[in-house]
1. Extending each Cα 7 Å along its Cβ direction at E64 and E98, get the distance between those two points in nm, one decimal.
2. Taking 22 Å as R0, compute the FRET efficiency from the Cβ-Cβ separation of D147 and A3 and round it to 0.05.
3. At most 15 other Cβ atoms within 10 Å and a DSSP loop assignment: could you name the GluC sites (Glu not before Pro) in segment 109-164 that fit?
4. Could you list the residues of segment 275-318 with an amide nitrogen less than 19 Å from a label point located 7 Å from the Cα of E259 in the Cα-to-C-beta direction?
5. Determine one quarter of the surface area of the Cα convex hull of the chain, which equals its mean projected area, and express it in nm² to one decimal.
6. For helix 122-136, report the angle its Cα long axis makes with the longest principal axis of the Cα atoms of the chain; keep it between 0 and 90° and round to the nearest 10°.
7. Taking the Cα-to-Cβ direction at S44 and at A282 and moving 7 Å from each Cα, how far apart do the two end points lie in nm?
8. Rounded to the nearest 10 degrees, what's the angle between the helix 226-239 long axis and the longest principal axis of the chain, both from Cα atoms, 0 to 90?
Amino acid sequence: MTALRAAAETAVRQCLGLEADESCAIITDDERVPIGEALYEVASEITDDAVIVRYPPGETHGSEPPEPVAAAMAGADVVLAPTTKSLSHTRSRTEANEAGARVATLPGITEDVFTTGLDADYESIATHCEAVREQVAGADEIRVTTDAGTDITFGVGDREWLADTGIVHEPGEMSNLPAGEVFISPETADGTFVVDGTMRPHGLLEEGHRLTFEVEDGLVTHISDDEIRQTVANAADDVGDAAYNLAELGIGTNVAVTELVGSVLLDEKAGGTVHIAIGDDAGIGGETDAPIHLDGIIREPTVLADGDPVDLPMSNDS
């Protein structure tokens with residue numbers, strides 16, 4: 001069995017739970033054809049009502065696909081979308097979910113990320129998610145520290161911890177793949193976080209390359225990196241302080257990710273890591289709309305929930 005085939009089996013059979021009496025639409029683009037075809041091959045062995053739809057890559061993340069693509073998504077029971085640009089935050093994806101489809105988006109997926117992130121037991125990942133969520137649920141305050149200089153405290157407030165388990169078995173559910181994280185949009189945050197893993201536009205940071213962010217009352221007040229600082233400033237030209245919002249705290253639970261590879265989609269899921277994001281949080285329980293959502297992955301964190309250490313699921317490299 002090829003690596004793509006094995007990953008496709010996990011995605012279609014375990015994560016989406018496709019049944020013989022269901023329809024399935026594989027949505028891909030000209031740059032992700034091998035992954036799309038691997039998923040279609042598995043789906044077509046399960047159901048006679050499977051299609052693969054291919055279109056030119058979108059211009060940006062969140063660009064709406066052509067109308068025939070949107071129609072295929074809305075008309076299917078199960079949708080898997082390995083695409084260059086993300087369909088996660090599109091009307092087409094929302095309308096497919098509202099029509100009852102189970103949807104998994106795989107934005108910016110590469111063959112290496114596909115095989116690494118989906119060479120996993122997602123029932124086990126779901127168990128890891130629940131174990132982490134049980135430890136943090138109900139805590140008023142989360143503190144994250146690292147030897148690299150991170151020391152930041154988050155006020156949870158009335159916000160809810162969410163889990164991206166990769167198990168998408170109920171009508172209207174949606175997930176990214178690869179999956180594996182527990183996350184929240186905190187109400188407040190104060191302190192410093194130092195990214196030493198992966199962050200756009202740099203990808204995987206070289207050893208010793210660190211990105212430092214200062215946070216006061218839920219807003220980022222200092223960014224050490226010129227490129228990221230300019231990206232946030234450009235967004236702030238449109239939305240003001242919303243671009244500097246401390247948007248997310250996430251805890252990776254995918255223990256199959258044994259090394260960081262430079263893909264935010266994959267690396268933020270690595271067990272034993274934490275990621276912190278700036279910008280938009282409206283889709284994860286917050287109240288801030290912004291045109292950016294920048295995740296930075298932090299290695300080897302200590303996480304405390306109301307002072308109690310959180311037992312993190314560990315990948316070999318994290």
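Coordinate-derived values only; no laboratory data. From a predicted model like this one, the values you see are computed outputs, not experimental measurements. Counting neighbours? That spans all protein chains shown, and the Cβs are built from the backbone with ideal geometry, glycine included.
1. Here the modelled spin labels are 1.2 nm apart.
2. 0.05
3. Filter output for segment 109-164: E160.
4. 297-300, 314-318, by backbone N distance to the label point.
5. Working: hull surface 60.0 nm².
Mean projected area for the chain: 15.0 nm², to one decimal.
6. The answer is roughly 30 degrees.
7. It works out to 4.0 nm between the two label points.
8. Roughly 80 degrees, rounded to the nearest 10.
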